[in-house]
C-alpha cells in the first residue's frame, strides 16, 4: 500500500472510530454498571482493537450484543 493510500485508510479508520467506538466507550458509569463481566471484557478488547486500528489497519468487529 502506498503512503497516500495508507494515510487515507488511517483517516477513514479515525473517522469510523469517532462515530462507532467513542460514543459507546463514553457512555458513563451507569451504563457500564449494567454490563456483565464478560461484556466488560469484550468491550475492553474491542476498544483496544480500535485504539490499535491505525497501526493494524483493521477495523474491529463490535461485540454481537452491542448491536
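Since every read-out is calculated from the coordinates, none of them should be taken as a lab result. Owing to the predicted nature of the structure, the values given are computational and were not obtained by experimental measurement. All Cβ positions, glycine included, derive from the backbone under ideal geometry; neighbour counts span all protein chains shown.
For segment 1-50, what are Rg and Dmax over the alpha carbons, in angstrom?
14.3, 44
Run the numbers for residue 61 and residue 25: contour at 0.36 nm per residue of separation, minus the present Cα-Cα distance, in nm.
So the chain would gain 11.5 nm between residue 61 and residue 25.
Determine the calculated [θ] at 222 nm for the chain from helices alone, applying -39500 (n - 2.57) to every DSSP H run no shorter than 4 residues and normalising by the residue count; nearest 500 deg cm²/dmol.
Rounded to the nearest 500, it is -18500 deg cm²/dmol.
So for the pair residue 9, residue 40, with labels modelled 7 Å out along Cα→Cβ, what separation do we get in nm?
Those two pseudo-labels are separated by 3.5 nm.
Against the longest principal axis of the chain, how steep is helix 3-16, in degrees 0 to 90 to the nearest 10, with axes from Cα atoms?
20
Compute the helix-to-body angle for 37-56: its Cα long axis versus the longest principal axis of the chain, expressed 0 to 90° and rounded to tens.
10
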